[in-house]
Each structure stands twice: as C-alpha cells, then as structure tokens.
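First up is the structure itself, then whatever we jot down about it.
The values are calculated or read from the model by the stated rules, or taken from the named source; none is laboratory data. Keep in mind it's a predicted model, so treat the numbers as computed, not measured. Every residue, glycine among them, receives a Cβ derived from its backbone with ideal geometry; neighbour counts consider all protein chains shown. These accessible areas exclude ligands, DNA and RNA; they are computed on the full protein's heavy atoms, side chains included. Shrake-Rupley method; radii C 1.70, N 1.55, O 1.52, S 1.80 Å.
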Amino acid sequence: LSAFATYAAGFLVRPFGALVFGRIGDLVGRKYTFLVTIVFMGGATFLVGLLPTYQAIGWAAPVLLVALRLVQGLALGGEYGGAATYVAEHAPHEKRGYDTSWIQTTATLGFFMALAVIGVTRVYMDAATFAEWGWRIPFWLSLILLIFSIYIRLKLNESPIFQKMKDESKGSES
C-alpha cells in the first residue's frame with residue numbers, strides 16, 4: 001500500500017501544478033515556464049535513481065522519494081496544460097484540435113518507451129541485480145533526455161499570442 005501511496009502522491013498534486021505553472025505561464029510566458037517544468041520533472045526523475053536506500057538512511061529514503069514524486073507531479077501538472085496552451089497558440093486556428101492531440105499521443109509513446117527501457121534493462125541482468133541497483137539505470141538515462149529537452153526548449157520561441165498580449169500590455173498583471 002505504501003508503494004501505491006507513493007505513486008499516487010504525484011497524481012494528487014497535478015492540479016496544483018496546473019494552477020501554479022499556469023499562472024506563471026500567464027505572467028512570464030510559456031517558454032520559460034516550460035523550461036522550469038522540464039527541469040523540475042527531469043531533475044526529480046534523475047534524482048530518484050540516486051536515492052540512498054532505507055538501509056542507508058532509514059525513513060529519510062521514503063520521505064525523499066515521496067518529495068521527488070510530489071515535485072514530478074507538480075511539474076507534470078504545469079507541463080500538460082502549458083503544452084496544450086503553447087501548441088494551441090502556435091497552431092493555425094483550423095488545426096488547433098488536431099495539433100494539440102499530439103500531446104496525449106506523445107505522452108503515451110513516452111510511456112511505452114519507458115517500459116521498453118525498463119524491459120531491456122531487466123532482460124540483460126538477473127533479478128537480484130535488477131532489484132539491487134539495476135532499476136536505477138532508466139532513471140540515470142533520463143538525464144540524457146533532460147539535457148536534450150532543455151536544449152530544445154531553449155530554442156523555442158514564445159507563443160505568438162502571448163507575445164502579442166505582452167506587446168499590447170494586455171497580459172496578466174497580478
């Protein structure tokens with residue numbers, strides 16, 4: 001039950017992530033909010049792979065794990081709504097629904113790719129090794145995706161609708 005509770009923690013804070021990062025996106029822009037959410041999400045994911053065990057630090061280990069799950073959930077809550085807004089603001093009016101549908105498609109694709117990485121890792125080591133430290137490998141590999149994602153996001157332009165609102169001083173002020 002504690003494993004399910006740890007997993008659920010990330011889901012429970014997603015609406016708060018949408019509120020927090022949605023607001024930040026309205027104030028400072030979609031691009032910079034995207035950058036913050038990916039750093040939080042990727043950083044927390046990578047750090048899960050570095051967590052000490054319960055045997056090493058006691059109850060601090062599960063507390064740190066839950067804290068990282070909360071950071072992931074908060075970031076994902078902001079990421080998903082921000083992505084929908086960013087894509088919709090870039091898409092031609094007649095293609096907004098189609099273009100934003102790719103967000104859910106790629107999320108599902110990412111889920112299957114994560115399963116593939118875990119599966120490959122699991123196949124190439126025995127169960128004891130995987131249970132001891134091999135489960136950390138996919139978390140470590142996430143650092144490569146984080147660096148690539150940060151690079152891409154630094155190259156993004158601010159959405160044209162947000163930029164227009166900012167130029168006309170019609171953006172959110174509080």
TODO: Run down the lysines and flag those whose C-alpha is under 23 Å from the C-alpha of Lys170, throwing out any fewer than 8 positions away in its chain.
DONE: Lys31
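What longest range of the chain stays clear of loop-exposed GluC sites (Glu not before Pro) (DSSP non-H/G/I/E/B, at most 10 other C-beta within 10 angstrom)?
For GluC sites (Glu not before Pro) (loop position, at most 10 other Cβ atoms within 10 Å), the longest site-free span of the chain is 1-167.
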Task: chymotrypsin sites (Phe, Trp or Tyr not before Pro) lying in DSSP loop within region 98-174, provided at most 15 other Cβ fall within 10 Å - done: Tyr124, Trp133
Task: Glu168 versus Leu109: modelled label distance in nm, points set 7 Å from Cα along the beta carbon direction - done: 3.4
Task: Nearest-10 value in Å² for the accessible area of Ile144, using the 1.4 Å probe - done: 110
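Determine the per residue accessible area of the chain with all protein chains present and a 1.4 angstrom probe, expressed in square angstrom.
I get 64 Å² per residue for the chain.
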TODO: Work out Dmax and Rg for region 63-114 from the C-alpha atoms and quote the Rg first, both in angstrom.
DONE: 13.9, 47
Open item on the list: Can you work out the Karplus-derived ³J(HN,Hα) for every residue in region 159-167? Use 6.51 cos²θ - 1.76 cosθ + 1.60 with θ = phi - 60°, whole Hz, and x for glycine or proline.
Closed with: 5, x, 5, 5, 4, 5, 4, 5, 5
Open item on the list: Just want to confirm a number: the relative contact order over region 1-154, from Cα pairs under 8 angstrom separated by 6+ residues, in percent.
Closed with: 34
- [ ] Would you mind calculating the gained length between Ser101 and Phe4 on full extension (0.36 nm times residue separation, minus the Cα-Cα distance), in nm to one decimal?
- [x] 32.0 nm
Task: Computed accessible area, Lys95, all protein chains, 1.4 angstrom probe, square angstrom - done: 90
Task: Candidate residues Asp26, Asp167, Asp126: accessible-area rank, largest first, probe 1.4 Å - done: Asp167, Asp126, Asp26
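Tally Lys and Arg at +1 and Asp and Glu at -1 over the other residues with C-beta under 15 Å from the C-beta of His90: what net charge comes out?
Taking every Cβ under 15 Å from that of His90, the sum is +3.
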Task: Point-to-point label distance, His90-Leu143, nm (Cα→Cβ direction, 7 Å offset) - done: 2.8
Task: With 10 Å bins from 0: P(r) over region 42-131, alpha-carbon pairs, percent - done: 14, 29, 31, 17, 8, 1
TODO: Have a look at Ala60, Ala128, Ala114 and tell me which one the Gaussian network model of the chain (Cα, springs below 10 Å) gives the largest fluctuation.
DONE: Ala128
Open item on the list: With a 1.4 Å probe and all protein chains left in place, how much of the accessible area of region 12-140 comes from carbon and sulfur atoms, in whole percent?
Closed with: 76
- [ ] Using every pair of alpha-carbon atoms in the chain, split the distances into 5 Å bins beginning at 0 and state the percent of pairs per bin, rounded to integers.
- [x] 1, 8, 13, 18, 19, 15, 10, 7, 5, 3, 1, 0, 0
